[in-house]
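One structure below.
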Amino acid sequence: MLFRKSDTHRNLFREQDVRYIETIVRTPEYLILNHLKYQSMRLIIIIAAAISSVILISACSQPSASRHESEPQSTPDARIIATVYNSGFEHSHDTYNGLSCASDGKIYYVLCSERIDVAGQMYCLDPSTGKIEHLGDLTEMCGEKDMKVIAQGKSHVNFREMGGKLYFSTHLGYYSIIDGMEKTGLPRDGYGAYRGGHLLAFDMKTRRTEDLGIAPHGEGILTMNMDTVRGLIYGLTWPTGYLFRYDVAKREMKDLGPFTGRGEDGMGKDFRVICRSIAIDPDDGTIYLTNAEGQIKKLRLGSDVTETIEGEDMVKDYFGTYEVSTAGSMAYNWRQVFWYAPEKKIYGVHGNSGYLFRFDPAIPRLEVLERLTSIPSKLTGMGDQFSYGYLGFTPGPDGHTIHYLTGAPIYIDGKRLRGASSTARGEAKGLEDLHLVTYDIITGKYLDHGAIFYPDGDRPLYVNSIAVGKDGTVYSMGRIKRNGKVVTDLFSVPGPFNKK
């Protein structure tokens, strides 16, 4: 209601006049002007009164200028200059996940290798001193130093902390490319076959690493999360996608079988891209993950069989349409997710579309909240260049502000730089900028903080990891030109909400 019964303005007009005014104030301006040509002087006066009332009400309801100016605003044209670190690993290659801020405030990370004879390397950065410590060679940590087998080239998962130890896993980085797709690397030059990914536990105090065992069927470990309440590790292998559970206290590995057909080992109609992220409800121990068809699956605590959640899935018009047996996208899988305890819901991002969603398992209901891509990407209406979407998605120190590293188009002479139309694997289809985006779960506030550049003006490329330090500093890893070659290393940018 525009007027209450006691309002002075209402007493000046008849009841039908008041109803007319309330209709007028909801009418677009151009229609009002056209309407005036056909009205009597009395109605023109009534319309003028209505417009005056709206102006008065609007003025009273506007927030103060000082309050508006103090609220953070998107700055998509800003240039954020990164600090680049030199870890000293000359063979480092693209890294996916493999980065976390631990309870001691230090940044732990793995730099990967694509060579048959060089393993990934684990490091630790102390933000208070800027000192980098080399913690180990993944092949040596797995006890395979002198075996002359395909190296433990990477860690494809983030670290999970329990009891002063960091739990993580290894994966191969040496591949054979068959029909444009990555397949398990074929041994050569006298090297033996890859033995399988290992589960590892790194003691932050003693600096010692314990090998907990090898993944089922000698495959690499692609996806991992940990129920730190119960000491249970869950994971998916590559290339087939075997689901497994490991009980830390019992030192017991349980193979739960193929999760998604033949996974990425399949060819043609048998190919299915494997989920890269598992969410865990810490209250009841249920885990959640997806498949290429968009089904949301759950595994209850103590069960060995996954269940399909009925009545809800990831197949949404906003997410796009996919041929689930075609390589080169994450199809209907979610890309990265985490459990948000205050709401008992899962927050995640769909990789190819960049849409943020939340999933309430109790109902069940999935709600699409916001396209979390950069503002330049939103304006194009197009997808970003990385074929799988981005893994750099995590809550910050406050627990409710999502930090997301995502792509943005590059323009040359006013024209958008286009990439390849398709690919058969997870890779960048073309050059793009890297933007830092945040989203506050509590307020629903989206902010694009701008593009990240190195001090020499180069762009970080192949960025698929993120960690946020206790002081809000954002860390990631990307390609860097160094000594005449391209390597991957750690970089950081100031926290977007740090006080200047």
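The values are calculated or read from the model by the stated rules, or taken from the named source; none is laboratory data. Keep in mind it's a predicted model, so treat the numbers as computed, not measured. With ideal geometry, Cβ positions are generated from the backbone for all residues, glycine too; neighbour counts draw on all protein chains shown.
Structure above, values below:
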read-out: Unmet criterion (only one of (1) surrounded by 15 or more Cβ atoms within 10 Å (Cβ to Cβ); (2) in contact with an Asp or Glu (Cβ under 8 Å, 6 or more places away or on another chain); (3) part of a strand (DSSP E or B)) for Lys481; value: (1)
read-out: Filtered residue count, the range 443-473, keeping only those that are surrounded by fewer than 16 Cβ atoms within 10 Å (Cβ to Cβ) and either in a strand (DSSP E or B) or among the small types (Gly, Ala, Ser) (or both); value: 2
read-out: Residue, nearest to Arg245 (Cα to Cα), within the range 164-176, restricted to residues that are in contact with a Gly (Cβ under 6 Å, 6 or more places away or on another chain) and in a loop (DSSP other than H, G, I, E, B); value: Thr170
read-out: Test for Tyr390: is it under 15 Å from the mean Cα position of the chain (by Cα) and in the same structural domain as Ser476 (by TED's automatic domain parsing); value: yes
read-out: Pairs, first under 18 Å from Arg230 (Cα atoms) and in contact (Cβ under 8 Å) with a residue 40 or more places away in the chain in the range 245-261, second assigned to a loop (DSSP other than H, G, I, E, B) and of a type outside the set (S, T, N, Q), C-beta under 6 Å, six or more apart; value: Val248/Gly231
read-out: Residue list for the range 315-338, filter: crowded, with 22+ Cβ neighbours inside 10 Å and over 26 Å from Gly180 (Cα atoms); value: Val337
read-out: Answer from Leu289, Leu256 - the residue that is modelled with pLDDT of 95 or more, in a strand (DSSP E or B) and crowded, with 22+ Cβ neighbours inside 10 Å; value: Leu289
read-out: Subset tally (residues that are closer than 13 Å to Pro76 by Cβ and in a strand (DSSP E or B)) for the range 401-410; value: 3
read-out: Sole residue being among the hydroxyl-bearing types (Ser, Thr, Tyr) and not in a strand (DSSP E or B), chosen from Ser476, Ser422, Ser492; value: Ser422
read-out: Meets criteria (over 30 Å from Tyr404 (Cα atoms), surrounded by fewer than 21 Cβ atoms within 10 Å (Cβ to Cβ) and touching a residue at least 60 places away in the same chain (Cβ under 8 Å)) for Arg188; value: yes
read-out: Condition check for Gly120: outside the structural domain of Gly426 (by TED's automatic domain parsing), closer than 30 Å to Arg245 by Cβ and either surrounded by fewer than 18 Cβ atoms within 10 Å (Cβ to Cβ) or touching a Lys or Arg at 6+ places or on another chain (Cβ under 7 Å) (or both); value: yes
read-out: Residue check, Tyr318 at pLDDT 95 or above, assigned to a loop (DSSP other than H, G, I, E, B) and either closer than 25 Å to Arg371 by Cβ or within 20 Å of the chain's Cα centre (by Cα) (or both); value: no
read-out: Considering residues of the range 177-232 that are outside any strand (DSSP E or B) and either among the aromatic types (Phe, Trp, Tyr) or in contact with a His (Cβ under 7 Å, 6 or more places away or on another chain) (or both) only, the residue farthest from Val337 (Cα to Cα); value: Tyr191
read-out: Selected residue [at pLDDT 95 or above and in a loop (DSSP other than H, G, I, E, B)] from Ser353, Ser377; value: Ser353
read-out: Members of the range 407-434 found to be crowded, with 20+ Cβ neighbours inside 10 Å and more than 27 Å from Pro239 (Cβ to Cβ), listed by number; value: Ala408, Pro409, Glu432, Asp433, Leu434
